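What follows is a single structure, written as structure tokens, with notes after it.
The values are calculated or read from the model by the stated rules, or taken from the named source; none is laboratory data. Keep in mind it's a predicted model, so treat the numbers as computed, not measured. Here the Cβ is made from the backbone with ideal geometry for all residues, glycine too, and neighbour counts use every protein chain on show. Only protein heavy atoms, including side chains, enter the accessible area calculation; ligands, DNA and RNA are left aside. Shrake-Rupley method; radii C 1.70, N 1.55, O 1.52, S 1.80 Å.
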Amino acid sequence: MTLRLVIVDDDAGVRRILKNIIAEYRLGTVLGECSDGLSAERVIADFQPDLALVDLLLPGQDGLTLIDHVSPSLPNTTFIMISQSESQQMITKAYERGVSFFIRKPINVVEVVKVIERVAESQRLRQALSLISETATRITGPVHGTHGENAENTLRSRVYRSFSDIGILGETGAKTIFQMIEHIAPLLADGTSEYQLSDMYQQISEKTSTDTKTIEQRVRRTITKALQNMANLGAEDYDNEKFQTYSTALFDFKEVRQEMNYIQGKSPYHGKISVRKFLEGLIYLAQD
């Protein structure tokens, strides 16, 4: 898919640099641009882009206020903040208000390319999950006969390879997480995107004679461990291939960034996990 972008910055030079980078590296199509926060509301609402690059300090209204106004009606638009600020308080506030990534000024080509490519990967993940009813069948297949057994083995081997990559293969909750995936993958294949995690916990509880609360805590601890492992990896080697893959596929990246900030002593708060995103991300990666 080709990303559709809007750029909002009162500096014409910055807008020009961003457009040139996007064109040169074939990162997407710039649908429109704007130089002030008030006009940007109309521009973003009209184009409904996949990605909006928004400067923090804008005439009319600042970038965070702009995002507050437009993001509720644009759930599929990713917002990137352009800023010179290094304030941890401001960065935390921006993440809380819907910003997914930051690009620092002065503009760095490598940073712009990596951030936009990460957004593109997240968009591909979102699109793949919405079409999972068509693609998951290749993995789950019928539950009987040789084909079903091969498909189940393929799913298991790929998921457990991911477990190994993110450092949770030896965790008690890894087995439980795979049991949940075995329940969820056929539901998604049938087009049932709405399911209750509590039902998954209950089904596993009945099979294992384990309290549902214990199962949930085990799962959450294991996913939290994966988040910590990815944050540590990103803090040490941001360009690491595993970090680049798993930090957006299994987690909300702003939460990975928050956990990195905690590890580096820049914030007193940990990142948060989403059990649903983690499970569906593993299913998506198993199809890749």
Margin query: For the stretch 253-288, which positions are free of Cβ contacts under 8 Å to residues at least 60 places away in the same chain and among the acidic types (Asp, Glu)?
Written below: GLU255, GLU259, ASP288
Next item on the list: Of the conditions (1) open to solvent by less than 40 Å² (accessible area, probe 1.4 Å); (2) assigned to a helix (DSSP H, G or I), GLU206 clears all except one; give me its number.
Entry: (1)
Item checked: Criterion: closer than 29 Å to ARG118 by Cβ and modelled with pLDDT of 90 or more - qualifying residue of ALA189, ALA231, ALA235, ALA185 -> ALA231
Check: Taking THR248 and the conditions (1) under 9 Å from the mean Cα position of the chain (by Cα); (2) without any contact (Cβ under 8 Å) to a residue 60 or more places away in the chain, which numbered condition does it fall short on, given that it satisfies the others?
Finding: (2)
Note to self: Restricting to the stretch 64-107, and then to whatever is under 19 Å from CYS34 (Cβ atoms) and of a type in the set (Ser, Thr, Tyr), can you tell me which residue is most open to solvent (accessible area, probe 1.4 Å)?
What the structure shows: SER73
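Do the conditions hold for HIS147, that is, is it of a type outside the set (Asp, Glu), modelled with pLDDT under 90, open to solvent by 40 Å² or more (accessible area, probe 1.4 Å) and in a helix (DSSP H, G or I)? Give the derivation first.
Values: of a type outside the set (Asp, Glu): yes; modelled with pLDDT under 90: yes; open to solvent by 40 Å² or more (accessible area, probe 1.4 Å): yes; in a helix (DSSP H, G or I): yes.
Yes: the conditions hold for HIS147.
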Checklist line | Criterion (of a type in the set (Lys, Arg) and buried (at least 17 other Cβ atoms within 10 Å of the Cβ)) met by exactly one of LYS213, LYS272, LYS266, LYS277 | finding: LYS277
Checklist line | So LEU5, is it open to solvent by 50 Å² or more (accessible area, probe 1.4 Å), outside any helix (DSSP H, G or I) and either under 24 Å from SER85 (Cβ atoms) or in contact with a Ser or Thr (Cβ under 7 Å, 6 or more places away or on another chain) (or both) | finding: no
